[in-house]
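S.K.: One structure follows; several queries about it will come next.
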2 protein chains.
Amino acid sequence: MDEFSFIDAIKQKDYKQPTLVKGIGDDAAVFRSTSDIVATVDTFVEHIHFSLETMDPFHIGYRVLAANISDLAAMGSEPAFYLVSMCIPKSWNQQALEEIYRGMRDLAAKHRMDLIGGDTVSGDSLMISITAMGYVPKDKVRYRSDARPGDVVFATGTLGDSRAGLEMLLEGQECKDKDDYIQRHRLPEPRVALALGLQELDRVALNDISDGIASEANEIAEASGIELTIIEEKVPVSQSFHQFTEKQQYDWKLSGGEDFELLGTVSVANWPKVQELAAETETPVQQIGYVREAEEPRVLIQLREETKRLTKSGYTHLK
Amino acid sequence: MDEFSFIDAIKQKDYKQPTLVKGIGDDAAVFRSTSDIVATVDTFVEHIHFSLETMDPFHIGYRVLAANISDLAAMGSEPAFYLVSMCIPKSWNQQALEEIYRGMRDLAAKHRMDLIGGDTVSGDSLMISITAMGYVPKDKVRYRSDARPGDVVFATGTLGDSRAGLEMLLEGQECKDKDDYIQRHRLPEPRVALALGLQELDRVALNDISDGIASEANEIAEASGIELTIIEEKVPVSQSFHQFTEKQQYDWKLSGGEDFELLGTVSVANWPKVQELAAETETPVQQIGYVREAEEPRVLIQLREETKRLTKSGYTHLK
């Protein structure tokens, strides 16, 4: 494959970001900003993070960019640019590659993001690394260290769906709403609209749920030095989620990961405002717990009959 | 290897950039700028772009970041931040990995750059992708499209050395100044000081010499729509470079690549100023040709007895 013709094939004809000074075509891209800039990188490797057995190339591109956009949303920022680095085995043809880019472009267009750089090299396994950048007004960055005792803990959307979809694909199993679960796995929608809506608030602690809520809650607890309690039966799940075994439900909703929903905490006073913003942005949001002072940072899970400690990996043990 | 302990091992204790708002430790990094921002990504794969036969892990890290910094310099910008994405085979141990990071850190420190993000995954082959960002004052970005008829064409440093060093390493050959050539290959020094000095000028066309001057000159010619002539005997080479065969000299200095020097064009009126800035920044600089109007963009090479057309790959043919 000719590198230059490939670059021409994936290069955007028009750029959407008014702050872009120079896109693809020189030694580097240039942009101009009066807002703070948020930057993140995520890397995905075939057979580890994705597989052609469960995804088409289009889904792969879409999902890799979704993971990056979700990180930008978790910082309260508006997606703006992305750069793509790809390592491609010789066995892949140009059409499949263009499908990966088409998947990215499809999601990028929804958020008016521009592809401003990239590098494509040959290698043994398919690897995609995306650096994404976004804008956030000064002092509106959302840190995981901003949770405070007394806060309401909330989550968006439903959890465990992506994992359920993956399991259906891997096991070739049937279930109710199978297509919906698979869609959640292949084409996740990061919660940008709510994240931007929350800019109205002075303080919100935010994480995106990429590794499962057990892991993200622990990150907030550690960064903020607080005790975060999750009430198990409040964790939002899809209507047909109860068809799965109790163990599956429990594992998938707490540790399934890759739902790319948001986990956050706000003061009780601001909780109604969050609900209002959620309604405005058509984002399902649910209180799932609360924050308390802690001698040591930790996450508790309040089950029907007892409260246990919840580790990053989703394992529970006595307090 | 535990991902979290590894991140702790490579995380900077102190950040150098005053514009950094948040470094590693949340969903993404945050910085604040009043200058324009330049962003570039470069990806390197073991056995294709580098090999442990010719480099230590320290050199690999150093050189990958050097390639990125060179792109920033070619845009006239000051290096500020970098994010590292790495794919690591299980056969690599943590010590070798930390050496790669130490190589990057060593070069980063010279330019006061901060590591603000990264992602490390497992895979079959070692791959390193760096996204680097720099600052440039508004309207001081250096495009390859800014060459004009009448311009002086100049190059920094000496060309062909990196390739000579690589050949010595691969062939296990001896030569005069062998260590210097090997050093140029393993630890290239991007020309940041001169690039920043040139900010005084209104117009400079710049490219960094990563793929060889034949390739870079053609990029300037095409982007600017001009004819660029290189005078072969003016192309700067090291003193002991004449020890190599005529064919080696010719190939290496025109197409060797990875010298990470700068190729530029400025008006005749500004050429003395470039020489002055070169002296101030202790950067060797040499006029190597001139720019003329062209019906079709092209690069010519003026040999002792004739002038030929020079293609991107370094191949010459009749005009």
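S.K.: What residues of the stretch B:69-107 lie in the reach of a label at B:Thr120, counting those whose backbone N is under 16 Å from a point 7 Å from the Cα along Cα→Cβ?
M.R.: The answer is B:83-106.
S.K.: Suppose we keep just the DSSP beta bridges with both residues in chain A; what percent of those would be antiparallel, to 5?
M.R.: Working: 45 of 59 bridges.
Roughly 75 percent of the beta bridges in chain A run antiparallel, per DSSP.
S.K.: So what's the net charge close to A:Ser129: Lys and Arg +1, Asp and Glu -1, counting the other residues with Cβ under 12 Å from its Cβ? Don't skip to the end; give the middle numbers.
M.R.: Numbers: positive: none; negative: A:Asp42, A:Asp119, B:Asp42, B:Asp119.
Around A:Ser129, the charge tally is -4.
S.K.: Next question, about the same structure. Over the stretch B:144-314, what per residue volume does the convex hull of the Cα atoms give, in whole Å³? Intermediate results must be reported in sequence, preceding the final value.
M.R.: Details: hull volume 17.8 nm³, N = 171.
Convex hull volume per residue, Cα atoms: 104 Å³.
S.K.: Next up: Using a label point 7 angstrom from Cα along Cα-to-C-beta, what distances in nm, from shortest up, separate A:Pro18 from the other copies?
M.R.: Counterpart label points of A:Pro18 in the remaining copies fall at 3.0 nm.
S.K.: How large is the direction-averaged shadow of the alpha-carbon convex hull of the stretch B:155-255, in nm²? Working shown, then result.
M.R.: Values: hull surface 28.8 nm².
Answer in nm², one decimal: 7.2.
S.K.: A further question on this structure: How many Cβ atoms of partner chains, on average, are near each residue of B:141-151 if near means within 10 Å of its Cβ?
M.R.: Working: counts 5, 2, 5, 3, 3, 0, 0, 0, 0, 0, 0.
The shielding value for this peptide is 2.
S.K.: Need the full-extension length gain, B:Thr34 to B:Gln95, defined as separation in residues times 0.36 nm minus the C-alpha distance. One decimal, nm.
M.R.: Details: separation 61, 0.36 × 61 = 21.96 nm, distance 3.90 nm.
Difference between extended and current length: 18.1 nm.
S.K.: Would you list which lysines come within 27 Å of A:Lys176, measuring only between C-alpha atoms, while excluding same-chain residues fewer than 8 positions from it?
M.R.: A:Lys234, A:Lys247, A:Lys253
S.K.: Say a label goes 7 Å from Cα toward Cβ at A:Glu305 in every copy; what distances in nm does this one have to the rest, shortest first?
M.R.: Computed spacing set for this position: 9.9 nm.
S.K.: Going 7 Å from Cα along the Cα-Cβ axis for the label, what nanometre distances separate B:Pro284 from the same residue across the other copies?
M.R.: Those separations, rounded to one decimal, come out as 6.8 nm.
S.K.: Find the lysine pairs in the stretch B:1-155 meeting two conditions, Cα atoms under 25 Å apart and a separation of 8 or more places or different chains, and report how many there are.
M.R.: Value for the stretch B:1-155: 12.
S.K.: Moving on. Let me know the shape class of the stretch B:209-303, please: from the alpha-carbon gyration tensor, a ≥ b ≥ c as square roots of the eigenvalues, rounded when a/c is under 1.5, otherwise prolate if a/b is greater than b/c, or oblate. All intermediate terms of the calculation are to be shown ahead of the outcome.
M.R.: On the way: a/c = 1.83, a/b = 1.11, b/c = 1.65.
In terms of gyration-tensor shape, oblate.
S.K.: Another question, then. Under a point spin-label approximation (7 Å from Cα along Cα-to-Cβ), what is the A:Lys247-B:His47 distance to one decimal in nm?
M.R.: Distance between label points: 4.0 nm.
S.K.: Tell me whether the stretch B:20-60 comes out rounded, prolate or oblate; compute the Cα gyration tensor, take square roots of the eigenvalues as a ≥ b ≥ c, and use a/c under 1.5 as the rounded threshold.
M.R.: Details: a/c = 3.40, a/b = 2.27, b/c = 1.50.
Prolate.
S.K.: In whole angstrom, and with the biggest value first, how far do the Cα coordinates of the stretch A:58-103 range along each principal axis?
M.R.: Reported extents, whole Å, longest axis first: 39, 17, 13.
S.K.: I've got another one for you. Only counting other Cβ atoms within 10 Å, I'd like B:Phe260, A:Phe58 sorted with the fewest neighbours first. Can you show the working numbers first?
M.R.: Values: B:Phe260 24, A:Phe58 20.
Least crowded to most crowded, the residues run A:Phe58, B:Phe260.
S.K.: Rounded, prolate or oblate: pick one for the stretch A:45-173, where a ≥ b ≥ c are the square roots of the eigenvalues of its C-alpha gyration tensor, a/c under 1.5 means rounded, and failing that, prolate if a/b is larger than b/c, else oblate.
M.R.: Working: a/c = 2.46, a/b = 1.40, b/c = 1.76.
Taking the square roots of the gyration eigenvalues as a ≥ b ≥ c, the stretch A:45-173 is oblate.
S.K.: Per residue, how big is the convex hull around the C-alpha atoms of the stretch A:25-111? Give it to me in cubic angstrom, could you? Let's see the in-between values first.
M.R.: Details: hull volume 10.7 nm³, N = 87.
Per-residue hull volume (Cα only) is 124 Å³.
S.K.: While we're here: Express the C-alpha Rg of the stretch B:103-143 as a ratio against the empirical globular expectation 2.2 N^0.38 Å, rounded to two decimals. The partial results should precede the final answer.
M.R.: Numbers: Rg = 14.4 Å, N = 41, 2.2 N^0.38 = 9.0 Å.
For the stretch B:103-143, the normalised Cα radius of gyration is 1.59.
S.K.: Here's something else I'd like to know. With only alpha-carbon pairs counted, each pair once and no self-pairs, how large is the Kirkwood hydrodynamic radius of the protein assembly as shown in angstroms? If you can, show how the numbers build up before the last one.
M.R.: On the way: mean 1/r = 0.0384 Å⁻¹.
Its Kirkwood hydrodynamic radius stands at 26.1 Å.
S.K.: What is the distance, in nm, between label points placed 7 Å from the Cα along the Cα-to-Cβ direction at B:Asp56 and at B:Arg203?
M.R.: That separation, rounded to one decimal, is 4.8 nm.
S.K.: Still on this structure: Looking at the stretch A:1-106, which GluC sites (Glu not before Pro) are in a loop (DSSP not H, G, I, E or B) and have at most 15 other Cβ atoms within 10 Å?
M.R.: Working: sites: A:Glu3, A:Glu46, A:Glu53, A:Glu98, A:Glu99; in loops: A:Glu53.
Of the GluC sites (Glu not before Pro), the ones in loops of the stretch A:1-106 whose Cβ has at most 15 other Cβ atoms within 10 Å are A:Glu53.
S.K.: Now for a different question. Quick one: Debye curve from the alpha-carbon atoms of chain A only, equal weights, vacuum; give me log10 I(q)/I(0) at q = 0.09, 0.12, 0.15 Å⁻¹ to two decimals.
M.R.: Log-scaled intensity ratios, in q order: -0.48, -0.84, -1.21.
S.K.: Right, here's the next one. With a point put 7 Å past each Cα toward its Cβ, work out how far A:Ala109 is from A:Ser240 in nm, to one decimal.
M.R.: 2.9
S.K.: Let me ask you something else. Counting each DSSP H run of 4 or more residues in chain A as -39500 (n - 2.57), what helix-only mean residue ellipticity at 222 nm follows after dividing by all residues, to the nearest 500 deg cm²/dmol? Numbers along the way, then the final one.
M.R.: Working: 9 runs with 101 residues, N = 319.
One gets -9500 deg cm²/dmol as the mean residue ellipticity at 222 nm.
S.K.: Ignoring solvent entirely, what values of log10 I(q)/I(0) come out of the Debye formula for the stretch B:138-195 at 0.12, 0.19, 0.26 Å⁻¹ when each Cα is a single scatterer?
M.R.: -0.46, -0.78, -1.06
S.K.: Something else about it: Given charges of +1 on the Cβ of Lys and Arg and -1 on the Cβ of Asp and Glu, with all other atoms neutral, how large is the dipole of the stretch B:144-314 about its Cα centre, in debye to the nearest 20? Present the calculation step by step, with values, prior to reporting the outcome.
M.R.: Details: 19 positive and 33 negative charges, 38 e Å.
Roughly 180 debye, rounded to the nearest 20.
S.K.: For chain B, modelled as a GNM with alpha-carbon contacts under 10 angstrom, which of B:Asp151, B:Asp27, B:Asp56 fluctuates the most?
M.R.: Sorting by GNM fluctuation, first place goes to B:Asp27.
Every number here is computed from the coordinates shown, using simple stated rules; none is lab data. These numbers were taken from a predicted model, which means no experiment stands behind them. Every residue, glycine among them, receives a Cβ derived from its backbone with ideal geometry; neighbour counts consider all protein chains shown.
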